[in-house]
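Remarks on the structure that follows.
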Amino acid sequence: MTAAEVILSVSGVTCRYGTPGETAPVLEDIDLVIRQNDFIGLIGPNGGGKTTLLKLLLGLIRPERGTVEVLGRAPREVSRLIGYVPQTAQIDQHAPATVRDVVLTGRLGLTPRGFRYGREHLAPVDRAMEEADVRAFADRRIGELSGGQRQRVLIARALASDVRILLLDEPMAGVDLHMEAGILDTLRRLNETMPIVLVSHDISFVSEHVKRVACLNRRLVVHEAAEISRDVIACMYGGHDVFHQVGHTGDCPISPESEAEPEPEAES
Amino acid sequence: MIRFFSDMAINPLLLTGVIGGLLSGVACGVIGPYVITRRIVFLTGAIAHIVVGGVGAVLFLRYQFAPALDWLEPLHGALIAAILAAVLVGLVQYHVKERLDTLIGALWATGMAVGIMLVKVTPGYQTEIFSYLFGNVSVVSAADVKLIAALLVVILIVVAFWHKRIFALCLDEEYARLQGVNVLLTNIVLLCLVSLAVVALIRVVGLILVIALLSLPAAAARQMTRRLFPMMGVSIILCALLTTIPRAAVYGSRIAPESAIVLSAAAVYLVSFGARQLKRL
């Protein structure tokens, strides 16, 4: 079996806000390889560095040490090939823009300066809207949509520039269960053609639907399977250091013995 | 109203006032929707008040260095101050870790204070600065109209060139950055456009009230439309009507035309807002 094409690789990355020596790193020694057909769920406690890692992958910040490569190049150079779905877009409820207008901004990096998007951009935008199932309300105002529909629009916007990888930050926040299932179907379909990195705090969700789970709490531990293991649960509660880095117990709020159950709402 | 049009034949300032009003109306009709979408109404107010400092500086310099600087018009000072203010605010917004509302308040008050201070030490100009603060649409000269027209042309050219980026910035700044847009520069370009619109409006409504024309007509237009271009169109029509009709309507009465313009803008906004709410019920 030949290994699928490497789309994204992170090696030896350390990252911190502030000066070395004064502040602790937010990310330490991160290694991660994402291949063509991957579907990774990235979980971890608040403040564990999930958002920072996403920013690194997007090229919004640079690592202090180590390298991040997307398709063999620096993320900044290939940013239009990276689709990104933010947790909450800043788009105002009252913004004078239709769904199509918002998805069109996903083509911005491919267009020259000017007043309008050329005709050649309309077809890819229609395709992206179809893939994300928002074509039906292309001409509705963005503020008129429900949370789940809005999330789909953000997915369409991310897909609009013919991306090779999709990064989603808590895509199911504020989305009801019914919509969630639909979005998942969409993601599974998209996963046939591109790898997906999905950040989530919902452990049962992640374990049911992704192919691999990566736990991030300053350090990254990748689990090759997606079932809810003891390690995964411990990671969610901020304790994976206990298992993997003996001696780094300082930031573990619970002892390994007492983590046994996930939160009630995580059970189905 | 009828007397306004019959007097136009005798008083050329009435005609230049109407033309100046129309042109500046188009300028703020184009820029207002960006201001509303990016939610920078108060930043616009701050820029307008920094411009007071620029006007004060020109009046002061003209007095100090007369007659060498007689060619310098207060509107030139306003233009320079407005552009400087835009660049300053744009840089400060991204490089200083301070809450934006605090900065707006500080710039707003400082600009105003500098203007008042400079005018106080410049004998004989107190009334002139008032015409910039509150506007004086009845003294818009042919030279003013030329300046407003030039500002409008610059605004239209920049919008034609930058619209996609500015709109993307207004919609979602973070995403625009990811698309490779130079957010810092685009934001400064937008603020400069706002500054040009502010200067174009000074003669018509005055610096204190420009905030009304850059926000209310566009906000009313938003109630009636769903996309930016139609919103801009409605906003241009509303602005052009608002900078001309109310002043003609109150012509000859004791009501200040500038107040009539702003109060009409507020009424238009209230009506459109109310109509929208009623439709939802």
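Annotations
- Test: residue in region A:33-52 that is acidic (Asp, Glu) and closer than 19 Å to A:Asn191 by Cα: yes
- Candidates A:Asp126, A:Asp92 - the one that is acidic (Asp, Glu), surrounded by fewer than 18 Cβ atoms within 10 Å (Cβ to Cβ) and within 8 Å of another protein chain (Cβ to nearest Cβ): A:Asp92
- Filter result for A:Gly66 (under 12 Å from the mean Cα position of the chain (by Cα), away from chain B (no Cβ under 13 Å) and of a type outside the set (Asp, Glu)): no
- Selected residue (criterion: most open to solvent (accessible area, probe 1.4 Å)) from residues of region A:44-81 that are of a type in the set (S, T, N, Q), outside any loop (DSSP other than H, G, I, E, B) and under 15 Å from A:Asp169 (Cβ atoms): A:Thr51
- Among all residues of region B:52-61, there is at least one that is without any contact (Cβ under 8 Å) to a residue 40 or more places away in the chain and part of a helix (DSSP H, G or I).
- Qualifying residue in region B:252-273 (condition: touching a residue at least 60 places away in the same chain (Cβ under 8 Å), small (Gly, Ala, Ser) and either within 14 Å of chain A (Cβ to nearest Cβ) or open to solvent by 30 Å² or more (accessible area, probe 1.4 Å) (or both)): yes
- Scanning region B:24-40 finds no residues that are open to solvent by 70 Å² or more (accessible area, probe 1.4 Å), over 30 Å from B:Ala248 (Cβ atoms) and touching a residue at least 60 places away in the same chain (Cβ under 8 Å).
- Region B:95-123, residues that are without any contact (Cβ under 8 Å) to a residue 60 or more places away in the chain and not in a helix (DSSP H, G or I): B:Val96, B:Lys97, B:Glu98, B:Arg99
- Positions within region A:144-169 being more than 18 Å from B:Ala176 (Cα to Cα) and in contact with a Lys or Arg (Cβ under 9 Å, 6 or more places away or on another chain), in sequence order: A:Glu144, A:Leu145, A:Gln149
- Any hit, region A:102-114, residues being hydroxyl-bearing (Ser, Thr, Tyr), under 25 Å from the mean Cα position of the chain (by Cα), buried (at least 18 other Cβ atoms within 10 Å of the Cβ) and not in a helix (DSSP H, G or I): no
- Condition check for A:Val26 on (1) within 28 Å of A:Ser204 (Cα to Cα); (2) modelled with pLDDT of 90 or more: one failure, at (2).
- Complete set of residues in region A:35-62 that are more than 19 Å from A:Val206 (Cβ to Cβ), touching a residue at least 12 places away in the same chain (Cβ under 8 Å) and within 14 Å of another protein chain (Cβ to nearest Cβ): A:Leu56, A:Leu58, A:Gly59, A:Ile61
- Of the listed requirements (1) within 11 Å of chain B (Cβ to nearest Cβ); (2) in contact (Cβ under 8 Å) with a residue 40 or more places away in the chain, A:Leu32 misses just one: (1).
- Which numbered condition A:Arg119 fails, given (1) out of contact with any helix residue (DSSP H, G or I) (no Cβ under 6 Å at 6 or more places or on another chain); (2) open to solvent by 40 Å² or more (accessible area, probe 1.4 Å); (3) at pLDDT 90 or above: (3)
The values are calculated or read from the model by the stated rules, or taken from the named source; none is laboratory data. Small disclaimer: the values here were computed from a predicted structure and weren't measured. Ideal geometry is used to build each Cβ from the backbone, glycine not excepted, and the neighbour counts take in all protein chains shown. To get the accessible areas, we keep the full protein, side chains included, count just its heavy atoms, and leave off ligands, DNA and RNA. Shrake-Rupley method; radii C 1.70, N 1.55, O 1.52, S 1.80 Å.
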